[in-house]
Structures are given as C-alpha cells and as structure tokens.
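The next block holds one structure in the form of structure tokens; read it before the comments.
The values are calculated or read from the model by the stated rules, or taken from the named source; none is laboratory data. Predicted, not measured: the structure shown is a model, and the values here were computed from it. Don't worry about glycine lacking a Cβ; one is built from the backbone with ideal geometry, like all the others, and counts go over all protein chains shown. Accessible surface areas use protein heavy atoms only, side chains included; no ligands, DNA or RNA. Shrake-Rupley method; radii C 1.70, N 1.55, O 1.52, S 1.80 Å.
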Amino acid sequence: MAKPPTQHVIHISKKKYKTEQSQLTGADLRVLADPDIGPDRSLWLEVPGGADDEIDDTEVVDIRNGMHFYTSPRNINPG
C-alpha cells in the first residue's frame, strides 16, 4: 500500500501554507505565497539563533514543518 504524501506546513510573511513538496525553489516559494512575492522583495528563511538566510529564486530549500519565511524590500534607500 502506498504511503500518503507528507504535508508540510510552512509560514510565509506570517500566513500559513501547506505543501506536499519536500523541496521548493525560491521561485516556487514566491508563487506559493498569496499574493505572489514580487521581484521588488527579497525572500528570507528565519534561522532561530543564527543569521537569517536570503533565498535566491534558483536556490533549492529542503522543506520541513514549521519553517518561517519573510520578505523585505530588495532595495532600501537610505535617508
């Protein structure tokens, strides 16, 4: 008997999303979010107790339950 797919619950900008994929690229994560994350924003993975990791569109992320991602403006103008 086939094992049912594992569903992962992740958060992007404090919203909950479910996926059965065990790996997603940064581009995949951008379109999973609702609304899509535009090119004017950077995507980050929260790393508890460490430096957060900026996720490029081509970077492959191993998805685990409870992961938290957030966005920030790609270009911050000083002043």
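The figures follow:
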{"read-out": "Taking the chain and dividing mean pair separation by its residue count, relative contact order in percent (alpha carbons under 8 Å, at least six apart)", "value": "37"}
{"read-out": "Region 1-63: GluC sites (Glu not before Pro) falling in loop per DSSP and having at most 13 other Cβ within 10 Å", "value": "E20, E46"}
{"read-out": "Size of electric dipole in the chain: Cβ of Lys, Arg +1 and of Asp, Glu -1, about Cα centre, debye, nearest 20", "value": "400"}
{"read-out": "Carbon and sulfur %, accessible surface of the chain computed with the full protein complex present, 1.4 Å", "value": "51"}
{"read-out": "Per-selection Kirkwood Rh - the chain (Cα, Å, 1 d.p.)", "value": "13.4"}
{"read-out": "Segment W44-T71, extension gain: residue separation times 0.36 nm, minus the distance between their alpha carbons", "value": "9.1 nm"}
{"read-out": "Residue-normalised accessible area of the chain, expressed per residue, 1.4 Å probe, Å²", "value": "71"}
{"read-out": "Summed residue charge, Cβ within 12 Å of Q23's Cβ, Lys/Arg positive, Asp/Glu negative", "value": "-3"}
{"read-out": "R0 of 25 Å, Cβ-Cβ distance V60-K14: FRET efficiency to nearest 0.05", "value": "0.55"}
{"read-out": "Candidates per trypsin sites (Lys or Arg not before Pro) in region 37-79, loop by DSSP, up to 13 other Cβ within 10 Å", "value": "R64, R74"}
